Amino acid sequence: TTVGTPFSVNNFNNPQDKLLSFFGRINYDYKDRYLFTATYRADGSSIFLGDNRWGYFPSAAVAWKISEESFLKDNASWLDLLKVRVSYGQAGNNNIPPGQTIRTFQSSNSAWINGTENYWATPSIMPNPDLKWETTTTKNVGLDFELLRGRISGSFEAYDNKTDDLLLSFITPGSGYDSQYRNMGQTENKGFEATLNYSPIRKQNYGLDLSFNIAFNKNNINSLGTMNDFEYGTQWASAITNDYAVHVNQSIGAMFGYQNDGRYEVSDFNYSGGVYTLKEGVVNSSIVGNVQPGTMKLKDINGDGVVDANDRTIIGNANPKHTGGFVLNARAHNFDLSAAFNWSF
């Protein structure tokens, strides 16, 4: 009799991540003044199933070259280009791990099942056969200009982007799974961008070009679908476990915590036998530790006289108020110099 060595067999399902896309565009130009572009895109992804596999995303843009109109072209020689444009369109996103629509089983080793060294089990993420494309709808209006034979040029942009059916990992406690990918909620980004280019020196052997840009963006959570507002912890070293808020009508990146209300003074306490006792009516911020003169005092938001988890609120925002940059390009004979600077305020 031959005694074989125990072995396990894994039957792996390797989900595919394939994308097939079709793209069509129509351009129309009338008298080099009125421009029209229409685009239609169809994307098919192996990440989704059935009718949800295909996403269809149209877009269109119109532009008017005002500088080509006779009332400007014949009377404003200093103006090279003045164009207004408006666009509307959609784009899709399928950026989640493949294989989230079907249930798979994996073989794992174990020492706690009597007489069995390996077992089959489902992964920790619950499958969802109803997953579909996440869609972003963009509305944009812009202005382009060139002056003095291109010495001065630039553009202004205003936009409003809404993303629907976000592909989110939804926590599912009590289900036997850690989470499940779902389509839910809506986020929005509104903003303004400006670019200005200036060429003060244009000579055969030397020149100087300057460029400046600035951008303002505000994001907002319009909806969380079936989810309630929740907090998320970064565990960066704070005693506050959940330090970011994911709340409807707040920005992604809203910081969550307690407001500082100064410090405790000697006058806030009764002192007896070497022990400081808070006077009646003074808020107790014991969440920071044993309170005594000099201890940080936190603000009692709900007015119940005690600072606890119910007094946390939005205390900051990780998003910049604006970002921008400045670029310098200089040349002299066979030498050139470039310097780029950027900021986030």
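The values are calculated or read from the model by the stated rules, or taken from the named source; none is laboratory data. In this text, all values refer to a predicted model and were calculated from it rather than measured experimentally. Here the Cβ is made from the backbone with ideal geometry for all residues, glycine too, and neighbour counts use every protein chain on show. Ligands, DNA and RNA are stripped out before the accessible areas are found, and what is left, the full protein with its side chains, is counted by its heavy atoms. Shrake-Rupley method; radii C 1.70, N 1.55, O 1.52, S 1.80 Å.
Sorted by average packing, counted as other Cβ atoms within 10 angstrom per residue and highest first, what order do 276-282, 50-56 take? Walk me through the numbers before you get to the answer.
Numbers: 276-282: 12.6, 50-56: 14.4.
Put in order of decreasing packing, that is 50-56, 276-282.
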Cα-based convex hull volume of the chain per residue, rounded to whole Å³ | 340 Å³
Kindly flag which residue pairs out of Lys18/Lys162; Lys218/Lys299; Lys132/Lys218; Lys31/Lys65; Lys73/Lys203; Lys162/Lys218 have an alpha-carbon separation exceeding 20 Å in this structure.
-> Lys18/Lys162; Lys218/Lys299; Lys132/Lys218; Lys73/Lys203
Does a label point 7 Å from the Cα of Glu69, set along Cα-to-beta-carbon, have any residues of the range 142-174 with amide nitrogen under 16 Å, and which are they?
-> 143-145
How much of the accessible area of the chain, in percent, comes from carbon and sulfur atoms when a 1.4 Å probe is used?
-> 53 percent
With R₀ set to 25 angstrom, the calculated FRET efficiency between the beta-carbons of Thr172 and Ser223, to the nearest 0.05, is 0.80
Derived scalar couplings ³J(HN,Hα) [the range 36-48; Karplus, 6.51 cos²θ - 1.76 cosθ + 1.60; whole Hz; x for Gly, Pro] = 9, 9, 10, 10, 9, 10, 10, 10, x, 10, 6, 5, 9
Rounded, prolate or oblate: pick one for the range 44-185, where a ≥ b ≥ c are the square roots of the eigenvalues of its C-alpha gyration tensor, a/c under 1.5 means rounded, and failing that, prolate if a/b is larger than b/c, else oblate.
-> prolate
What accessible area per residue, rounded to a whole number of Å², is obtained for the range 175-292 using a probe radius of 1.4 Å?
-> 61 Å²
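Taking R0 as 45 Å, what FRET efficiency do you get between Met296 and Phe212 from their Cβ-Cβ distance, rounded to the nearest 0.05? All intermediate terms of the calculation are to be shown ahead of the outcome.
Numbers: r = 43 Å, r/R0 = 0.95.
Taking R0 as 45 Å, the efficiency between Met296 and Phe212 is 0.60.
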What FRET efficiency, computed as 1/(1 + (r/R0)^6) with R0 = 22 Å and r the Cβ-Cβ distance, is obtained for Thr277 and Ile240, rounded to the nearest 0.05?
-> 0.25
Calculated from DSSP helices alone, with each H run of at least 4 adding -39500 (n - 2.57) and the total divided by the residues of the chain, [θ]222 nm to the nearest 500 comes to 0 deg cm²/dmol
Largest-first principal axis extents, alpha carbons of the range 44-113, Å = 89, 28, 11
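Under 8 Å for C-alpha pairs, at least 6 residues apart: give me the relative contact order for the range 210-345, rounded to a whole percent. Could the numbers behind the result be given before it?
Details: 242 pairs, mean separation 33.8, N = 136.
After rounding, I find 25 percent.
Write down the accessible area per residue of the range 75-144 in Å², having rolled a 1.4 Å probe over the full set of protein chains.
Working: 4160 Å² over 70 residues.
That works out to 59 Å² for each residue.
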Separation in nanometres of the label points that stand 7 Å from Cα toward Cβ, at Val141 and Asn14 | 5.3 nm
Label model pair Tyr232, Asn310: point-to-point distance (7 angstrom along the Cα→beta-carbon line) in nm is 2.8 nm
